[in-house]
Amino acid sequence: MAAHQTVLKQEAVEALVKNQSGRFVDCTYGRGGHSTAILERLSQDGRLMVIDQDPQAIDDARRRLGDDERVVIVHGSFADVAHFIDEYDMNPVDGVLLDLGVSSPQLDIVGRGFSFSHDGPLDMRMNTSRGETAAEWLARAEEREISRVISRYGEERFARRIARAIVHRREESAIDTTFKLVDVIGEAVPRREPSKHPATRTFQAIRIFINGELDALETCLAGVVEVLATGGRLVVISFHSLEDRIVKRFMRNLARGELLPDKLPVRDADIKRTFRLVGKPVRPSDDEVSVNRRARSSIMRVAEKL
């Protein structure tokens, strides 16, 4: 199993922590790369909340950070970040970090079912203590729904063919392992993209759907607006276009300010704005990508509350 390598670690922490005694939230603990780097910058007066819906990630956080009095560890969805911040009396906070996507341990542990490179149970749940598995959903969903999910969340042009093949195959036997799903996809996709496994988009789509990832992201972003202090930073690292589109639109709209009727005589200085954009989007260096191929699609955006 490959060790987890934190993407854009120094860049994210540098953008996030501007107050060593401030209050911060790492909404996606993963395996603690960003959290430990944040703690290295905080004084004894600083506080850090770490959130993750993955029970294994929470076990790791408790083992590594459980004795640090500055740290609050929360098992739950980052969609509830505003509630957690209120519950633990941390409102307002000076920074919120979101590192979206799947961690290396989640991909590499065969029992999780996230990876098409390892054969194992087709689970795909971030929180394994609740919800429907990918195998259970594929066993009951209608062909039209499967096609819609693969097309919308995977942007897969052969979504209909794949959905039809899944429904046909499940009539013969259950699609309950990753390699069974890979086999169906491989037979359904007529053309291969260079340097991209034919199952990539479908696995991404089903994972996003099973975990409600995009809805959770939008709910989280809306909550952050309410709990960030003036001057507080929101730092988001995305790994595919659907996530980044949501983040980009959210930050842009708040930085643009309230929508007013055309030709209304209002000075730019009088427009109410909630955020300002900080710098340009940041991508990993060639050196980082050379040692961590999973970083290649990442992009970081930063906004500051006004």
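The table for this structure:
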| item | result |
| --- | --- |
| Residue in segment 11-42 that is farthest from GLU288 (Cα to Cα), counting only those that are surrounded by 22 or more Cβ atoms within 10 Å (Cβ to Cβ) and of a type in the set (Lys, Arg) | ARG23 |
| Residue identified as surrounded by fewer than 24 Cβ atoms within 10 Å (Cβ to Cβ) and closer than 18 Å to GLU213 by Cβ among ASP59, ASP45, ASP80 | ASP80 |
| Every residue from segment 127-160 that is aliphatic (A, V, I, L, M) and touching a Phe, Trp or Tyr at 6+ places or on another chain (Cβ under 9 Å) | ALA134, ILE146, VAL149, ILE150 |
| Number of the exception - GLY113 against (1) crowded, with 24+ Cβ neighbours inside 10 Å; (2) at pLDDT 95 or above | (2) |
| Lone unmet requirement of (1) closer than 16 Å to ALA163 by Cα; (2) over 13 Å from the mean Cα position of the chain (by Cα); (3) part of a helix (DSSP H, G or I) for VAL225 | (1) |
| Condition met for GLY212 (within 11 Å of the chain's Cα centre (by Cα), on the phi > 0 side of the Ramachandran plot and surrounded by fewer than 22 Cβ atoms within 10 Å (Cβ to Cβ)) | yes |
| Contacts under 7 angstrom Cβ, first residue in segment 59-88 being assigned by TED's automatic domain parsing to the domain that holds SER35, partner acidic (Asp, Glu) and assigned to a helix (DSSP H, G or I), 6 or more apart | ALA82/GLU226 |
| Unmet requirement for HIS240, which otherwise passes all of (1) surrounded by 16 or more Cβ atoms within 10 Å (Cβ to Cβ); (2) modelled with pLDDT of 95 or more | (2) |
| Helices (runs of 4 or more DSSP H) contained entirely in segment 99-194, each with at least 1 residues that are over 26 Å from the mean Cα position of the chain (by Cα), farther than 30 Å from THR36 by Cβ and hydroxyl-bearing (Ser, Thr, Tyr) | none |
| Extreme residue, farthest from the chain's Cα centre (by Cα), among residues of segment 41-55 that are charged (D, E, K, R) and closer than 14 Å to GLU69 by Cα | ASP45 |
| Segment 1-58, residues that are part of a strand (DSSP E or B) and among the aliphatic types (A, V, I, L, M) | VAL25, LEU48, MET49, VAL50, ILE51 |
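The values are calculated or read from the model by the stated rules, or taken from the named source; none is laboratory data. Keep in mind that this is a model prediction, so the values were computed, not measured. FYI the Cβ positions are ideal-geometry reconstructions off the backbone, even for glycines, and counts take in every protein chain you see.
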